[in-house]
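The next block holds one structure in the form of structure tokens; read it before the comments.
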Amino acid sequence: MIKGTLIPIGGNEDKGFHRADRFRLDYISQGILSRVVYESGGNGANILVITTASGIPDEVGQSYMDAFERLGCNNVSHLYIDSKEEANSEENLNLLKDADCVMFSGGNQYKITRNIKGTLFHDLLVKRYYEEDFVLAGTSAGAMCMSKEMITGGSSKESFIKGAIKLREGLNLIPELIIDTHFIQRGRFGRLSEAVARFPQLIGFGLAEDTGIVIKNGNECDIIGSGMVIIFDPGNLKHNNIARLKDGTPLTMTNLITHVLSDGDSYYLKERKVKVMASSKSFIE
């Protein structure tokens, strides 16, 4: 049984600030990052923010350190891994050993796999997730890299067309899923549809912004945040013509099971079942 907790997030989670005062939010204390802190053990948790995916790692790292500080966390550090050599360094491995939670930022998910996949850091990350009470969170690119089949590109304008998306192998932390992010805001229905058509044994999770999933035991998925999670379950497809199509050709799928879930709802991966909550409960209760 997997002992750790996985928290993929759809991007743009509330960090409790905005450049314009009139848009500042006051909900961070009950938002996704607060849930990350709670699952990690509370305000005293050692949180390691990894900005390998980002093109502006220092700025992004500081934004997360500021956000966690607003939540009362002062034991937060920032790590930027720019090569496999850095991922194998004893210093960085020790940072991972001491962390209660690792939080991957957004950016380019391929940079995460290029610099971390197959390294000692990756091995230790997987070991701690499987064997310890350890939290691994990631937003946007940091969420998408969690799956084995990882979406790396694809235009929303070319939706539902074979060959519109690109995939690489991710960190393989939750191999049952294909994860896409910014899902509602960027209209990514088509590229996740193609992904599950190509891998019909997997389940597609499309996460809206400021929306996440708390995955326990590698099975129970609790929806959190202000938006929705769209689930594509291709397990009962009656028609899927992707194998015989040429690239650039529209897809046909029938009987694709679709769920639209929000805060307080749950999904069970092994059973492929939904549990819908009549009303949300505080995760602290």
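The values are calculated or read from the model by the stated rules, or taken from the named source; none is laboratory data. The shown structure was predicted, so the numbers you read here are calculated from the model rather than taken from an experiment. Counting neighbours? That spans all protein chains shown, and the Cβs are built from the backbone with ideal geometry, glycine included. Please note that ligands, DNA and RNA were not included when accessible areas were found on the heavy atoms of the full protein model with its side chains. Shrake-Rupley method; radii C 1.70, N 1.55, O 1.52, S 1.80 Å.
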Given a 1.4 Å probe and the protein chains all in place, what does the accessible area of residue 249 round to, in Å² to the nearest 10? 40 Å²
In terms of the alpha carbon gyration tensor, root eigenvalues a ≥ b ≥ c, rounded if a/c is under 1.5 and otherwise prolate when a/b exceeds b/c or oblate, segment 183-250 is oblate
Alpha-carbon centroid distance for the pair segment 139-189 / segment 60-76, whole angstrom: 28 Å
Under a point spin-label approximation (7 Å from Cα along Cα-to-Cβ), what is the residue 90-residue 186 distance to one decimal in nm? 4.0 nm
Computed from every Cα-Cα pair in segment 93-235, P(r) in 5 Å bins starting at 0 and rounded to whole percents is 2, 10, 20, 24, 21, 14, 7, 3, 1, 0
My understanding is that a pair violates if its Cα-Cα distance is over 18 Å; which of 3/275; 84/111; 127/273; 97/148 do that in this structure? 3/275; 127/273; 97/148
What nm value, rounded to one decimal, do you get for the distance between residue 82 and residue 46 when each label is placed 7 Å out toward the C-beta? 2.5 nm
In whole Hz and in residue order, list the ³J(HN,Hα) couplings for segment 177-187 that follow from phi through the Karplus curve 6.51 cos²θ - 1.76 cosθ + 1.60, θ = phi - 60°; x for Gly and Pro. 10, 10, 10, 10, 10, 6, 5, 6, 5, 10, x
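Is segment 25-163 best put as rounded, prolate or oblate by its Cα gyration tensor, with a ≥ b ≥ c the root eigenvalues, rounded for a/c under 1.5, and otherwise prolate when a/b is larger than b/c, oblate when not?
Numbers: a/c = 1.73, a/b = 1.22, b/c = 1.42.
Here segment 25-163 falls in the oblate category.
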If I model a spin label as a point 7 Å beyond the Cα along the Cα-Cβ vector, how far apart are those points for residue 59 and residue 2 in nm? 3.3 nm
Determine the alpha carbon to alpha carbon distance for each of 15/216; 166/270; 117/270 and list only those over 29 Å. none
With a ≥ b ≥ c the root eigenvalues of the C-alpha gyration tensor of segment 46-92, is it rounded (a/c under 1.5), prolate (a/b larger than b/c) or oblate? oblate
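Determine the gain in length on full extension of the stretch residue 123-residue 271; use 0.36 nm per residue of separation and subtract their C-alpha separation, reporting nm with one decimal.
50.4 nm is the gain from fully extending residue 123 to residue 271.
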